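Just below is one structure, and these are the notes that go with it.
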Amino acid sequence: MVSRPSWQGHLKLSLVTCPVALYTATSTGGDVHFNLINPKTNNRIKMVTTDPDTGPIARSELVKGYEVSKGEYVLLTDEEIKSVKLESTKTIDIETFVPAKDIDRLYWDNPYFLAPNGKIGQDAFTVIRTAMEKSGKIALARVVMSTRERLLALEPRGKGILAYTLRTDDEVREPDEVFGGISSAKADPDMIKIAEKIIEQKAGPFDPSKFNDRYEDALKALIADKQKGKKPAKVTEAKEDNVVDLMAALRASLDAKAAKSTKASTKASAKSSAAKTTKSRTRKAS
């Protein structure tokens, strides 16, 4: 079942226009969400807006405040905020095309599926999508979503288009703010070689089905057990040594992987030999 579109309007490339709709490409439906409950009454707790001096106050009486300095706010009414809101143009107007490698992954935000909105305009949509695919570049466009103007990155995906909202420049922090304190000293070449071998051993294709949220799974299991009246089992935390010999740890990781590979190879060889012996005995018996 197709979900409700997050946005509906038109996709425009120069003079070519077609009706389209944006659908969220991800889902948070599986997340476990909690409510605050008073265990004495089993009542769900309600949050009440309160003034520290006068007590509870109705939300309708409140205004928004922007803190300009410690304890000092510029107050804004809803009408004042609405006066500067952008009206949706209902058009995704493609402005330019750029190589995908030119967009730093820090800027990629939320993914959406962009598809034709109804049968009318599917031909025009296919023309735009195919032209984009042949260009091998990412299309950049602007769109107003929930009164906020966003930059969209568009790329062909299957029969449709994958649209990503992009973060603005002031939303992205400089890496040096965090990485600046990391030492510039070069790593031990021998350790690097061992680490590279470990990487080679662990190399493989990306399969998202193999990765799941184990904490989420554990929460769901806990809730299911509680529903059945079972007491949750205690989890024993693994002990960690404070001092680690890096070279020894790297070699141990490499040896463990090699041993596992050898064991699997030996097991496969033994199985193959057993199969050949059985086949030979069957032939002689015949």
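No lab work stands behind these numbers, since they all come straight from the coordinates. What you are looking at is a predicted structure, and each value in this text was computed from that prediction instead of being measured. When we count neighbours, we look across all protein chains shown, and the Cβ atoms used for this are built from the backbone with ideal geometry, even at glycine.
Of the residues making up region 143-192, those that are among the charged types (D, E, K, R), within 22 Å of the chain's Cα centre (by Cα) and under 24 Å from Gln122 (Cα atoms) are Glu155, Arg157. Residue count for region 135-169 under the criterion of being farther than 15 Å from Lys90 by Cβ and loosely packed, with under 15 Cβ neighbours inside 10 Å: the result is 6. Among the residues making up region 1-59, those that are under 30 Å from the mean Cα position of the chain (by Cα), loosely packed, with under 10 Cβ neighbours inside 10 Å and among the charged types (D, E, K, R) are Arg4, Asp31.
Just to be sure, is Leu140 part of a strand (DSSP E or B) and in contact with a Gly (Cβ under 9 Å, 6 or more places away or on another chain)? No.
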